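Worksheet for the structure shown next.
Derivation of every value follows stated rules applied to the coordinates shown; laboratory data play no part. All values reported here derive from a predicted model rather than from experimental measurement. Cβ atoms come from the backbone with ideal geometry, glycine included; neighbour counts cover every protein chain shown.
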Amino acid sequence: MIATPLLPLRNRLAELILRALADTTARRDLARLAEPGPLAGGGFSWVADVEPEQIGLVRERARRAHEALIHCPPLRAEPSLGETLTAAATLFDAGLHFEVHELLEPYWARGEGGERQALQGLIQIAVGYQHLANGNLEGARALLDEGPRRLLNGELPDLDLARFATAIAAAADRISGGAPIAVPSFPRSGGHRPKEVRSGSRAEE
């Protein structure tokens, strides 16, 4: 997990990362943003005069996104829900939980029935882990409690939502105790079984 930078930086970076899912030019921009050195010019005026701590968060999130997308083919202009969920899994497993929320929200907004329930659960879980990375334990616990319940009332083709929900619920139970928190891998199609990694209750900066 990694904290988000301040709001304007967070939103601009998330926009770039989501664009990079389908755009190779944006992927090159992520690679450049992740590299050490000055960022003056080259389309990066939005990070000019930013505090070093914030620059560090931007670079680290850019690095994670760049590395996660290296071997992923670009998405089509209008990807299916299944393709988008695969992209969401890539971002989630890279610790880019805010971006997962941004990616899935349009699909949730137009979804119906069990699909809408499941997408809301996935979004809540992603935001819950981002709260955890940002140090908001109360917000994290609330969403990591609610998200799995929505998954169990929802349905998405070929995804083992029940297994993921159980793993998330177990992780949520550990938050208040200060123990390392499990971050299960996002469910993927084809029977891929989620694994767990451990993280502290604050961002790894």
| Under the rule of -39500 (n - 2.57) per DSSP H run of 4 or more residues, summed and divided by the residues of the chain, what mean residue ellipticity at 222 nm is obtained, to the nearest 500 deg cm²/dmol? | -19000 deg cm²/dmol
| remark: Going fewest to most other Cβ atoms within 10 Å around each Cβ, Arg141, Arg149 line up as Arg149, Arg141
| remark: Yeah, the chain with a ≥ b ≥ c from its alpha-carbon gyration tensor (a/c under 1.5 is rounded, else prolate when a/b outruns b/c, oblate otherwise) is oblate
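So which trypsin sites (Lys or Arg not before Pro) in region 63-105 end up in coil per DSSP with only 16 or fewer other C-beta atoms within 10 Å?
Sites meeting the loop and neighbour criteria: Arg76.
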| Quick one: if the Förster radius is 25 Å, what FRET efficiency do Ala162 and Glu83 give, using the C-beta to C-beta distance and rounding to 0.05? | 0.65
| task | Could you tell me which of rounded, prolate or oblate describes region 39-143, using a ≥ b ≥ c as the square roots of the eigenvalues of the alpha-carbon gyration tensor, with rounded for a/c under 1.5 and, failing that, prolate when a/b is larger than b/c and oblate otherwise? | result | oblate
| said: Tell me whether region 81-199 comes out rounded, prolate or oblate; compute the Cα gyration tensor, take square roots of the eigenvalues as a ≥ b ≥ c, and use a/c under 1.5 as the rounded threshold. | reply: prolate
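FRET efficiency for Ser45 and Arg174, Cβ-Cβ distance as r, R0 = 45 Å, nearest 0.05? Mind showing how you got there, number by number?
On the way: r = 42 Å, r/R0 = 0.93.
The calculated FRET efficiency here is 0.60.
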| note | Exposure proxy check on Asp29, Asp23: fewest-to-most Cβ neighbours within 10 Å is Asp23, Asp29
| What order do you get for 108-120, 85-97 when each peptide is scored by the mean count of other beta carbon atoms within 10 Å, highest first? | 85-97, 108-120
| said: Once R0 is set to 35 Å, what does the formula 1/(1 + (r/R0)^6) return for the Cβ-Cβ distance between Arg76 and Leu137, expressed as a FRET efficiency to the nearest 0.05? | reply: 0.35
| request: Give, as a single signed number, the net charge of other residues whose beta carbon lies under 10 Å from the beta carbon of Asp29, with Lys and Arg counted +1 and Asp and Glu -1. | output: +3
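How would you rank Ile70, Ile2, Ile181, going from fewest to most other Cβ atoms within 10 Å of each one's own Cβ?
So the residues, fewest neighbours to most, are Ile70, Ile2, Ile181.
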| request: Give me the net charge of Gln117's neighbourhood, meaning all other residues with Cβ under 13 Å from the Cβ of Gln117; Lys, Arg count +1, Asp, Glu -1. | output: -1
| field | Whole-angstrom gap from region 84-144 to region 1-71, using each part's C-alpha centre | value | 20
| query | Tell me, in nm to one decimal, what length is gained between Asp145 and Arg19 on full extension, where the rule is 0.36 nm per residue of separation less the Cα-Cα distance? | reply | 42.3 nm
| With Cα atoms, 0 to 90° folded angle of helix 81-93 axis to the chain main axis | 70
